[in-house]
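Below is one structure; the comments refer to it alone.
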Amino acid sequence: MTNWNHKHIIDLSEFSIEDFTTVLELANRFKALPKSGSGKLPALQGRFVATLFFEPSTRTRSSFELAAKKLSADIQTFSPSSSSLSKGETPLDTALTYVAMGADVLVVRHSATGVPKQLAKSLEELGKNTSILNAGDGLHSHPSQALLDLFTLAQFFNSKNPNSQVLKGKKIAIVGDILHSRVARSNLWSLTGCGADVILCGPQSLLPEEFSKFVDNPPPGQKIDPINKRGKISIIRSLKSALREADAVITLRIQKERMNENLLTNLVTYNREYGITHETLKCCKKDIPVLHPGPVNRGIEMSGELLDDKKVCLVDHQVSNGIPIRMALLYLLVAGKQNDR
């Protein structure tokens, strides 16, 4: 994996097609390892990974911690409720504490947009060699979730060789609250980067028209787009029309707090127009898989019957794929440092 040149993983807008290929190939290797025995690899033995989750999480934090353990890294979990944050300690102070303890990677999740990027910048300015891995920041980015979604889709389309090339030309529908979804934003960079066309579907209040141009230019501070030719993004308001064109669909959690912001007037109406059921999927030209980053509101984004149908719903695959994907990311960030000590 000598072609890896990212010290930090903040935003998938910075990934080239080679980067996506590298991550998926490595994750596929980790996925193929036998589950018998200790189940651990010595790849990161003696290395230190700290998970700094300033925002609550179940799947992402547990998955990162299990991934680190499977690579034999030492792992330390930061708990905001029992930390010095209440005494005025800043996220940078917290990060520097773990850097001083010898952390090789800080896996950072924060409710505010830009915190992982700012931490990476501050550590660079201080001459620290610790890597920052963004585990979700505000409404901005959730790289590892988008990568495990990508891996899950690649497996569906080509179970023997799940790679970035199999997404080229596919049409992937993303349904729901695009406006407030960091997962959707990362999905847009990863899917279009691998040549897939993305169909966005949702009400106007949760899906502004400007999302059709989301990947037209690199984000502020990024000079170039490493992808020469991306897939296209289109917006289709009708769920049935969007699904007729799709090879797969990712539906997103409706954040009920948006009701208080007057962005949704009625969850029953939303479910009727954008909820996915077995009946809804009958409009598709072929059998398509349904993904969801979780947690799922049963009976809102999708029916409970569909969520429990493992032939159609790939949520369990997404959860299990989170481990090899995060193993790959941790390995790639630390492998280049193996000669530093």
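Does Ser122 satisfy being surrounded by fewer than 22 Cβ atoms within 10 Å (Cβ to Cβ), modelled with pLDDT of 95 or more and over 16 Å from the mean Cα position of the chain (by Cα)? Outline the logic, then answer.
Values: surrounded by fewer than 22 Cβ atoms within 10 Å (Cβ to Cβ): yes; modelled with pLDDT of 95 or more: yes; over 16 Å from the mean Cα position of the chain (by Cα): yes.
Spelling it out, Ser122 is indeed surrounded by fewer than 22 Cβ atoms within 10 Å (Cβ to Cβ), modelled with pLDDT of 95 or more and over 16 Å from the mean Cα position of the chain (by Cα).
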Subject >> Residue, farthest from Ala135 (Cα to Cα), within segment 186-224, restricted to residues that are small (Gly, Ala, Ser) and not in a loop (DSSP other than H, G, I, E, B) >> reply: Ser212
**OP:** Sort through Gly136, Gly169 and tell me the only one that's in a strand (DSSP E or B) and of a type in the set (Gly, Ala, Ser).
**Re:** Gly136
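Listed here are the residues, each with its yes/no results for (1) surrounded by 18 or more Cβ atoms within 10 Å (Cβ to Cβ); (2) of a type outside the set (S, T, N, Q); (3) modelled with pLDDT under 90.
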{"residue": "Leu252", "(1), (2), (3)": "yes, yes, no"}
{"residue": "Thr265", "(1), (2), (3)": "no, no, yes"}
{"residue": "Tyr274", "(1), (2), (3)": "yes, yes, no"}
{"residue": "Met302", "(1), (2), (3)": "yes, yes, no"}
{"residue": "Lys310", "(1), (2), (3)": "no, yes, no"}
{"residue": "Cys313", "(1), (2), (3)": "yes, yes, no"}
{"residue": "Val319", "(1), (2), (3)": "no, yes, no"}
{"residue": "Ala335", "(1), (2), (3)": "no, yes, yes"}
{"residue": "Gln338", "(1), (2), (3)": "no, no, yes"}
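For Ala146, are the conditions met, namely being within 13 Å of the chain's Cα centre (by Cα), hydrophobic (A, V, I, L, M, F, W, C) and either crowded, with 17+ Cβ neighbours inside 10 Å or not assigned by TED's automatic domain parsing to the domain that holds Pro56 (or both)?
Numbers: within 13 Å of the chain's Cα centre (by Cα): yes; hydrophobic (A, V, I, L, M, F, W, C): yes; either crowded, with 17+ Cβ neighbours inside 10 Å or not assigned by TED's automatic domain parsing to the domain that holds Pro56 (or both): yes.
Taking the combined requirement at face value, the residue satisfies it.
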**OP:** For segment 1-44, name all the residues that are polar (S, T, N, Q) and either modelled with pLDDT of 95 or more or within 29 Å of Asn217 (Cα to Cα) (or both).
**Re:** Thr2, Asn3, Asn5, Ser13, Ser16, Thr21, Thr22, Asn28
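Give me the residue from segment 184-200 that is within 11 Å of the chain's Cα centre (by Cα) and of a type outside the set (Phe, Trp, Tyr) and, out of that set, surrounded by the fewest Cβ atoms within 10 Å (Cβ to Cβ).
Our first condition is that a residue be within 11 Å of the chain's Cα centre (by Cα); within segment 184-200, this holds for 184-190.
Subset that is of a type outside the set (Phe, Trp, Tyr): 184-188, 190.
Details: Ala184: 26, Arg185: 23, Ser186: 27, Asn187: 29, Leu188: 26, Ser190: 26.
Step by step, filter segment 184-200, then rank; the result is Arg185.
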Original post:
Applying the selection to segment 300-332, what residues are in a helix (DSSP H, G or I) and either more than 24 Å from Ala32 (Cβ to Cβ) or β-branched (Val, Ile, Thr) (or both)?
Top reply: Gly304, Glu305, Leu306, Leu307, Val315, Val319, Ile323, Ile325
Subject >> Lys240, sole failed condition from (1) in contact with a strand residue (DSSP E or B) (Cβ under 8 Å, 6 or more places away or on another chain); (2) within 16 Å of Tyr274 (Cβ to Cβ); (3) outside any loop (DSSP other than H, G, I, E, B); (4) charged (D, E, K, R) >> reply: (1)
**OP:** Please find, within segment 156-183, the residue that is nearest to Asp225 (Cα to Cα) out of those that are over 17 Å from the mean Cα position of the chain (by Cα) and among the small types (Gly, Ala, Ser).
**Re:** Gly169
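The values are calculated or read from the model by the stated rules, or taken from the named source; none is laboratory data. A quick note: this is a predicted structure, and the numbers were derived from the prediction, not measured. Glycine also receives a Cβ, built like all others from the backbone with ideal geometry; neighbour counts cover every protein chain displayed.
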